[in-house]
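Bear in mind that the values in this text are calculations on the coordinates, not laboratory data. Worth saying up front: this structure is predicted, and the values here are computed from it rather than measured. Cβ atoms come from the backbone with ideal geometry, glycine included; neighbour counts cover every protein chain shown.
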Amino acid sequence: MSMVLRILEPALADILRAAGLVSCEDYLQSSRGAVIHESNTTCTRRFDLPSPGGTIACYLKVYRYRDKPLTLRFGRSKPLREARNYFTLRRQCRIDVPDVIAVGARRRLGLLEDGFILTREVPAACPLDVYVDQRWPSNKEKLAMRSRRRLLETVADLVARMHAAHFFHIDLQWRNLIVSDHERDQPSVFVLDCVRGGRRIHPLMRAHGRLRDLSSLYKDARGRLSHTEQMRWLRRYLGTRKLSEVHRAMIRSIVLDRELKDSEAPA
């Protein structure tokens, strides 16, 4: 069996060791904290690491491949890919992402067995869809509307920087964008769960990646933003004050893609 274990915050090595997180197996079999999400492939737990400076809130996401189809087990390790994508987003795209503390993966006879990624919790944060539904004021006061507009501009600028670097998320739903109010006048936006994404070289692949990202964003935006806000967001993303016919064709492609995906979704 081959194994990869990387501690990406060496300063926390002693803290991890004191918590019993030494080997890859320790992370994979950990039952610390509470389960906050579980699927056929992953289980995510939230827990606090005791440290001299206070507790460190963490998320441990464990992947299980052992009983999965060979098409999944032959590919690249998702936790390693997610850690690499976070690095790219932060360094090359200047986008906020969670801090990766540790990451690991195991293979047997070349087939993926399991893996994990341990990240710091982003303080005072919640998903963009929850933030919009619960925290945005319902009134139309100028101050509230300016705050709302600045946040939409922040998201548009984030996506524009990402795509300008030829990086595409592929699952860019609002729940994978989290908003943090921690010690800032203007909320900051972090990108999460970037497992399927990455840089794309070929122009056709770039066009496909952009369509997937914009279609995913539109899925949540259409029920929460006015038509004016949607068009303002798109102009900001495109860096133009007026939409051309090429831009309008892109809008039609996004709407069509969303309709096709909605029709394919299980009832």
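Odds and ends about this structure:
- Karplus 3J(HN,Hα) series, Hz, for the range 249-255 with 6.51 cos²θ - 1.76 cosθ + 1.60 (x for Gly, Pro): 5, 5, 4, 4, 5, 5, 4
- Rounded tilt (10° steps) of 78-91 against the dominant C-alpha axis of the chain: 50
- Test item: Cα-centred dipole of the chain, Lys/Arg +1 and Asp/Glu -1 on Cβ, debye: 1020
- Legend: ranking of residues E9, E259 from fewest to most surrounding C-beta atoms inside 10 Å; resulting order E259, E9.
- Aspartates and glutamates whose Cα lies under 16 Å from that of K261, excluding same-chain neighbours fewer than 8 positions away: D171, D213, D220
- Assigned charges on the beta-carbon of Lys, Arg, Asp, Glu; the range 2-120 dipole about Cα centre (debye): 500
- Spin-label model, H37/V4: points 7 Å from Cα along the beta carbon direction are separated by 2.1 nm.
- The Cα trace of the range 125-264 gives Rg and Dmax of 15.0, 46 Å, the first to one decimal, the second as a whole number.
- Between 0 and 90°, nearest 10: helix 227-238 axis offset from the chain longest Cα axis: 70
- Fewest-first ranking of Y27, Y218, using other Cβ atoms within 10 Å as the exposure measure: Y218, Y27
- Here's how it looks for L8: its modeled amide H is under 5 Å from those of A102, V103, which are all 5 or more places away or on a different chain.
- Taking the longest Cα principal axis of the chain as reference, the axis of helix 142-164 is set at about 70 degrees.
- Between T240, L12, I254, the Cα set farthest toward the positive side of the dipole of the chain (charges on each charged residue's Cβ, about the Cα centre) is that of T240.
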